[in-house]
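The values are calculated or read from the model by the stated rules, or taken from the named source; none is laboratory data. These numbers were taken from a predicted model, which means no experiment stands behind them. Heads up, the Cβs are rebuilt from the backbone with ideal geometry, glycines too, and the neighbour counts pull from every protein chain shown.
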Amino acid sequence: THFGNRQVALEEKQGLVNAVFHGVADRYDLMNDLMSGGVHRVWKDAMVANLAPPKKGTRPYRVLDMAGGTGDIAERIINASLGYAEVTVSDINSDMLRVGEERARSWRFGSQARFVEANAEELPFEDESFNAYTIAFGIRNVPRIDKALQEAHRVLKRGGRLLVLEFSQVDVPGLDRIYDMFSDRLIPPMGRVVTGDAQPYQYLVESIRKFPSPSAFTAMISAAGFKRVTHTPYSGNIAALFGAWKI
Ligand code: SAM
């Protein structure tokens, strides 16, 4: 059946994504720096500045950093809150989490992070248990984005924040062509040099091109029940931050 085929395609996609990140876990952060020229750090800092986690309060401030991989968003959030925020780093990939967990031992407030293996489409967390849900360069990899957004909405408390950082489609004339050339001719070979395999990086380039446009993605966030959705392009829309509230 048509539905059956679609199901298989989605399972295959998750299998491919898992293989990519199992293979690169140990060199993942190095690859990010090389491929973005370090700019991913600026985007991530901007995301955390936008979240502005509290530094003190009478109740705990709990963040779920989904597809949190090696934990660099979590470290930023915890540091920005001077150790007040409690961050659950969750990822479908045990290898990425293992690298993050080891790293967290040397963070300034490492005990504020916990690491939980989970699929963004089916979260093992209770309803209304987090103040914020962040996902950086992760939602593009999730086969059923609508399910992941519904789950984000479910686990957030009322008044909770959603922040999604993701690659976007460059919309600056001139830059778009340079970016396409860079994506096709440089990213896969760089992947081969650092990790020994170009294929995962070909996948990366394609997944960026297939991701919904900012207006389509904004509509998906609203459809999951979120309000006051915002879109902020970064670096000529190479990346974009989407923000929304559960009200
Ligand atoms: N957030 C980190 C960052 O910004 O550097 C890691 C992003 S990495 C590009 C994408 C992550 O998404 C990988 O660690 C991968 O294992 C995770 N992922 C892919 N599919 C997932 C799913 N269905 N549920 C949870 N995590 C998933």
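Somewhere in the range 54-77, is a residue of a type in the set (S, T, N, Q), within 29 Å of ARG27 (Cβ to Cβ), at pLDDT 95 or above and more than 9 Å from the ligand (Cβ to nearest atom)? Let's see the steps before the verdict.
Start the filter on the range 54-77 by keeping residues that are of a type in the set (S, T, N, Q), which leaves 58, 70.
Restricting the remaining residues to those that are within 29 Å of ARG27 (Cβ to Cβ) gives 70.
Retained after the next criterion (residues that are at pLDDT 95 or above): none.
The answer is no; no qualifying residue exists.
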Taking the range 43-53 as the search range and keeping residues that are farther than 18 Å from VAL89 by Cα and surrounded by 13 or more Cβ atoms within 10 Å (Cβ to Cβ), which one is nearest to the ligand (Cβ to nearest atom)?
TRP43
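Whether any residue in the range 167-175 is part of a helix (DSSP H, G or I) and either over 30 Å from ALA244 (Cα atoms) or without any contact (Cβ under 8 Å) to a residue 12 or more places away in the chain (or both) is what I want to check. So that I can check it myself, show each step before the final result.
Step one: filter the range 167-175 for residues part of a helix (DSSP H, G or I), giving 175.
Restricting the remaining residues to those that are either over 30 Å from ALA244 (Cα atoms) or without any contact (Cβ under 8 Å) to a residue 12 or more places away in the chain (or both) gives none.
No, every residue in the range 167-175 fails to be part of a helix (DSSP H, G or I) and either over 30 Å from ALA244 (Cα atoms) or without any contact (Cβ under 8 Å) to a residue 12 or more places away in the chain (or both).
Pick out the one residue from GLY138, GLY159 that is farther than 14 Å from GLU75 by Cβ, near the ligand (Cβ under 10 Å from one of its atoms) and small (Gly, Ala, Ser).
Working: GLY159 fails: near the ligand (Cβ under 10 Å from one of its atoms).
Every option except GLY138 fails the conditions.
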Give me the pairs, please: first residue somewhere in the range 60-72 and surrounded by fewer than 24 Cβ atoms within 10 Å (Cβ to Cβ), second residue anywhere and of a type in the set (Val, Ile, Thr), beta-carbon distance under 9 Å, and either six or more positions apart or on two chains.
ARG62/VAL87; ARG62/THR88
Name the single residue that is surrounded by the most Cβ atoms within 10 Å (Cβ to Cβ) among those in the range 176-198 being touching a residue at least 60 places away in the same chain (Cβ under 8 Å) and in a helix (DSSP H, G or I).
GLY191
Residues located in the range 197-237, provided they are out of contact with any Leu (no Cβ under 8 Å at 6 or more places or on another chain) and among the aliphatic types (A, V, I, L, M):
ALA198, LEU204, VAL205, ILE208, ALA216, ALA219, VAL229
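Here is a yes/no grid of residues against (1) more than 29 Å from MET190 (Cβ to Cβ); (2) out of contact with any helix residue (DSSP H, G or I) (no Cβ under 6 Å at 6 or more places or on another chain); (3) of a type in the set (Phe, Trp, Tyr):
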site	(1), (2), (3)
GLY37	no, yes, no
ASP72	no, yes, no
GLU75	no, yes, no
VAL99	no, no, no
ALA104	no, no, no
PHE115	no, no, yes
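Only one of these is within 16 Å of the ligand (Cβ to nearest atom), out of contact with any Pro (no Cβ under 9 Å at 6 or more places or on another chain) and at pLDDT below 95: SER168, SER207. Name it.
On the way: SER168 fails: out of contact with any Pro (no Cβ under 9 Å at 6 or more places or on another chain).
The match here is SER207.
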Considering only residues that are farther than 21 Å from ASP33 by Cα and within 13 Å of the chain's Cα centre (by Cα), which ones fall in the range 44-88?
LEU64
Do we find a residue being surrounded by fewer than 23 Cβ atoms within 10 Å (Cβ to Cβ), more than 10 Å from the ligand (Cβ to nearest atom) and part of a strand (DSSP E or B) anywhere in the range 100-114?
yes
The one condition in (1) touching a residue at least 60 places away in the same chain (Cβ under 8 Å); (2) under 24 Å from ALA132 (Cβ atoms) that VAL229 fails to fulfil
(1)
